[in-house]
1. Kindly evaluate Y326 against the criterion of being hydroxyl-bearing (S, T, Y), in contact with a Leu (Cβ under 9 Å, 6 or more places away or on another chain) and either part of a strand (DSSP E or B) or surrounded by fewer than 19 Cβ atoms within 10 Å (Cβ to Cβ) (or both).
2. Any residue at all in segment 302-313 that's aliphatic (A, V, I, L, M), crowded, with 23+ Cβ neighbours inside 10 Å and in contact with an Asp or Glu (Cβ under 7 Å, 6 or more places away or on another chain)?
3. Being within 17 Å of V317 (Cβ to Cβ) and aromatic (F, W, Y) is the filter here, so list the residues in segment 228-243 that pass it.
4. Determine, yes or no, whether N82 is within 21 Å of H209 (Cβ to Cβ), at pLDDT 50 or above and assigned to a loop (DSSP other than H, G, I, E, B).
5. Taking helices (runs of 4 or more DSSP H) that fall entirely within segment 168-248, which contain at least 3 residues that are surrounded by fewer than 18 Cβ atoms within 10 Å (Cβ to Cβ) and at pLDDT 95 or above?
6. On the basis of being free of Cβ contacts under 8 Å to residues at least 12 places away in the same chain and of a type outside the set (V, I, T), does G148 make the cut?
7. Here are the criteria: (1) under 24 Å from S80 (Cα atoms); (2) among the aromatic types (F, W, Y); (3) touching a helix residue (DSSP H, G or I) at 6+ places or on another chain (Cβ under 9 Å). Tell me which single one Y272 does not satisfy.
8. Note down all Cβ pairs under 9 Å where the first residue falls in segment 159-174 and is farther than 17 Å from T269 by Cα and in contact (Cβ under 8 Å) with a residue 60 or more places away in the chain, the second is among the aromatic types (F, W, Y) and assigned to a strand (DSSP E or B), and they're at least six residues apart or on different chains.
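The values are calculated or read from the model by the stated rules, or taken from the named source; none is laboratory data. Note that the structure is a prediction, hence the values are computed from the model and not measured. Here the Cβ positions follow ideal geometry from the backbone for every residue, glycine too, while neighbour counts run over all protein chains shown.
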Amino acid sequence: MKRQAKSERRIWLIMLAVLILLAGAGIAALTIVLSGDSSSLELPYRWSNEDMAYSAKDQSPMQSKDVFSADLCIGSNNISYNDVSVSTTESAALFSVDDRKVIYAKDMFKQIYPASVTKIMTAILALKYGNMNDVVTVNWQDLELESGSQVVGLRIGDKVKMSVLLRGLLIHSGNDAAQAIARHIGGSQSRFVDMMNAELNELCCTGSHFTNPTGLHDTNHYTTVYDIYLMLNEALKYDDFVNIMQVSVYDFQYENADGEEMHVTLDSTDRYLTGQTEPPKNVTVLGGKTGTTAAAGNCLALVSQNAYGQFYISVVVGAQSKEDLYNDQNLLLSQINA
């Protein structure tokens, strides 16, 4: 009996020790959580039902993408501001980068065709994974483009530095430059497209899916105004992108298949940079990315500063004409000094 009592007592002591250990671990974990400095804690933003981003495939909420960093501009699909009203065909938004606010939005989460605004993503991958000193030899795949496509004028056998191709991509929106970059970085255009969609996922661009590096029309190639903001916001982390987007004219230098040094003068596709359109008073347009196709209309994602040096991103897509596009961009830009 005594032996049995001792055995039972030993079992109870072991159970008690285990309970004490578990309780201690719980208290320690709670202490770690509570001892953090709440003044420096950045709380993530969680989408409301109204703002929830949706999967392009099944239109179901993206449960894994519902937390956004506090350093991003967040807002509803439609936000009114000072009676601002853009054309009915357009989706648009104005973002205060420094204040982390969406000032104005019209159909910000509506899926649209981005045209060459796509090239922001092409540039991100070139800067993230590419070597700007690499020399790319142009082949026939890089030149497989629809008739009338915007190009810098490359030919088979041309040898071009990656840094030069990147400028042809962003300044003149060259589709041949885009495809040469894609093949060089990805090994093939299809693999580069996979990289594009993986990066879209990384940036939480839940309303986007890309099928090519150029933005030439494809019904399965789409994005949203908000996703364009996310891409441009990411691109601005690269000094080369910031510097290139401000260039109005560029001497595109390369070596042709015969070893001759070639020069082509490329003008920016951005009318603000070429002086064809004046921004509102006390607004400095730094640059961005244009895009135009029949299906997408006229598009422009822009980075600007107000009179106090604060940064803004404005996006207008789906304009029926260049005049509508720049008039409505100016309408948005006129609000940044208000």
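1. For Y326, the condition - hydroxyl-bearing (S, T, Y), in contact with a Leu (Cβ under 9 Å, 6 or more places away or on another chain) and either part of a strand (DSSP E or B) or surrounded by fewer than 19 Cβ atoms within 10 Å (Cβ to Cβ) (or both) - is not met.
2. no
3. Y229
4. no
5. It comes to 189-202, 239-244.
6. Yes, satisfied.
7. (1)
8. Pairs found: K159/Y254; V160/F252; V160/Y254; K161/Y254.
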